[in-house]
């Protein structure tokens with residue numbers, strides 16, 4: 001296993017043009033990956049299947065029955081030979097400096113995940129720029145890292161890969177929790193962005209309201225030896241959120257005090273006008 005990067009791109013009935021952009025962004029990395037692996041998760045689109053046949057020999061294509069994104073990522077990673085794994089969905093693309101920046105970030109042994117900031121485009125268009133580290137407690141509130149990131153292959157081995165029973169859009173969240181459960185850090189890269197295609201029919205856009213609860217239950221079940229760490233992380237985050245709540249409530253009270261004379265004047269004027277009617 002070398003020190004380079006294996007880029008794993010799962011695809012399921014993606015537009016060939018979208019997948020073409022994802023693969024091109026992997027092949028165009030300034031610090032080139034040692035391999036690019038596209039995992040076809042049982043696609044049925046004839047145009048996509050034809051496109052997969054036209055990919056260059058430098059791109060390995062793996063076909064499997066439809067089993068979900070976790071199984072597709074795991075299948076690609078099993079074939080990977082690099083020390084680092086970069087994940088990317090088949091309808092997104094990554095800035096060319098990502099791999100170089102991410103490997104520098106992972107030079108710190110305390111860092112387990114190097115991730116990009118995010119540019120959402122398509123249905124909506126905005127940038128989410130991240131400059132802070134995240135640890136386990138931060139994930140007790142919500143996911144903090146996009147599905148596309150860089151991590152060490154041996155860490156994937158240790159935690160057992162992606163949980164294949166989760167197939168509704170939060171499997172990466174559960175995986176990141178296991179990656180960070182022993183005290184690791186998720187750190188953003190300096191400048192690279194993941195360009196995330198926002199679609200009406202995306203898995204996240206159609207996420208079931210109960211998906212978060214199912215994911216939390218999966219996190220508990222997948223970490224039987226880390227229950228104390230999860231509970232401590234949850235309490236720490238709860239305490240931080242309580243402090244933020246008190247701070248925000250203080251701001252609200254300050255503005256209420258400032259506007260109270262205006263509110264009284266408004267109510268007085270309203271009563272006067274009502275009596276004159």
Legend entry - Residue satisfying condition, being in the same structural domain as residue 151 (by TED's automatic domain parsing), crowded, with 20+ Cβ neighbours inside 10 Å and either at pLDDT 95 or above or within 27 Å of residue 163 (Cα to Cα) (or both), within set 116, 96: 116
Inset, instruction - Search segment 60-78 for residues being surrounded by fewer than 20 Cβ atoms within 10 Å (Cβ to Cβ) and under 18 Å from residue 6 (Cα atoms), and hand back the single one that is nearest to the chain's Cα centre (by Cα). - result: 78
Legend entry - Scope segment 163-174; condition in a loop (DSSP other than H, G, I, E, B), free of Cβ contacts under 8 Å to residues at least 60 places away in the same chain and surrounded by 17 or more Cβ atoms within 10 Å (Cβ to Cβ); matching residues: 169, 170
Inset, instruction - Answer with yes or no whether residue 124 is in contact with a helix residue (DSSP H, G or I) (Cβ under 9 Å, 6 or more places away or on another chain) and either surrounded by fewer than 20 Cβ atoms within 10 Å (Cβ to Cβ) or assigned by TED's automatic domain parsing to the domain that holds residue 7 (or both). - result: no
Legend entry - Residue among 122, 183 that alone is touching a residue at least 12 places away in the same chain (Cβ under 8 Å) and out of contact with any strand residue (DSSP E or B) (no Cβ under 7 Å at 6 or more places or on another chain): 183
Legend entry - Qualifying residue in segment 178-190 (condition: outside any strand (DSSP E or B) and closer than 24 Å to residue 208 by Cβ): yes
Inset, instruction - Starting from residues that are closer than 19 Å to residue 8 by Cβ and within 17 Å of the chain's Cα centre (by Cα), keep the ones in segment 99-113 and report whichever is surrounded by the fewest Cβ atoms within 10 Å (Cβ to Cβ). - result: 112
Inset, instruction - Scan (1) outside any helix (DSSP H, G or I); (2) touching a residue at least 12 places away in the same chain (Cβ under 8 Å); (3) over 19 Å from the mean Cα position of the chain (by Cα) for the single condition residue 8 breaks and write down its number. - result: (3)
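So which residues in segment 30-47 are crowded, with 21+ Cβ neighbours inside 10 Å and at pLDDT 95 or above?
36, 37, 38, 39, 40, 41
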Inset, instruction - Using the structure shown, decide if residue 24 is touching a residue at least 60 places away in the same chain (Cβ under 8 Å), outside any strand (DSSP E or B) and over 19 Å from the mean Cα position of the chain (by Cα). - result: yes
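Yes or no: residue 213 over 24 Å from residue 66 (Cα atoms), surrounded by fewer than 17 Cβ atoms within 10 Å (Cβ to Cβ) and in the same structural domain as residue 98 (by TED's automatic domain parsing)?
When the stated conditions are applied, residue 213 passes them.
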Inset, instruction - Determine if segment 22-41 includes at least one residue that is in the same structural domain as residue 120 (by TED's automatic domain parsing), more than 26 Å from residue 173 (Cα to Cα) and in contact with a helix residue (DSSP H, G or I) (Cβ under 7 Å, 6 or more places away or on another chain). - result: yes
Inset, instruction - Tell me, please, whether a residue that is in a strand (DSSP E or B), touching a helix residue (DSSP H, G or I) at 6+ places or on another chain (Cβ under 9 Å), closer than 18 Å to residue 226 by Cβ and touching a residue at least 40 places away in the same chain (Cβ under 8 Å) can be found in segment 105-115. - result: yes
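Regarding segment 139-162, can at least one residue be identified that is under 21 Å from residue 94 (Cα atoms), more than 14 Å from the chain's Cα centre (by Cα) and surrounded by fewer than 22 Cβ atoms within 10 Å (Cβ to Cβ)?
yes
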Legend entry - Lone unmet requirement of (1) surrounded by 16 or more Cβ atoms within 10 Å (Cβ to Cβ); (2) not in a strand (DSSP E or B) for residue 57: (1)
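The values are calculated or read from the model by the stated rules, or taken from the named source; none is laboratory data. What you see is a predicted model, and the numbers here were worked out from it, not measured in a lab. Here the Cβ is made from the backbone with ideal geometry for all residues, glycine too, and neighbour counts use every protein chain on show.
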